[in-house]
1. Got a number for residues in segment 1-32 being at pLDDT below 90 and more than 14 Å from residue 56 (Cα to Cα)?
2. Scan segment 40-49 and tell me whether some residue there is at pLDDT below 95 and β-branched (Val, Ile, Thr).
Amino acid sequence: MKTYAVKTQFIFSGTFYIKAETEAEAKRRVQNDCGLVLGRNIHTACLSEDEADWDFLMHPVQKIVSIKQRGGRK
C-alpha cells in the first residue's frame, strides 16, 4: 500500500462582533484576541462577553491543496 501526503485546509467563515472605538481597534482586537483551536471552541481571549460575540458555522469548508506520494512503502 502506498502512502500519500494530502495537504488540506479547513476554512471556517463567520463574523466577530467587536465593541471598539475605531475600525482599526476592532481589527486589532480580532487579530490579537480571537481565534479557534481544533477540538475546542471559537474563543475571544482577553475580551469579555460584553465586548465580543461571534457567529460562525461549526462545519468548515474543506479544500485539498495538494497530493504527493511519499517515497518508500510503509
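The values are calculated or read from the model by the stated rules, or taken from the named source; none is laboratory data. Fair warning: this is a prediction, and the values are worked out from it, not measured in the lab.
1. Total satisfying the criteria: 2.
2. Yes, because at least one residue in segment 40-49 is at pLDDT below 95 and β-branched (Val, Ile, Thr).
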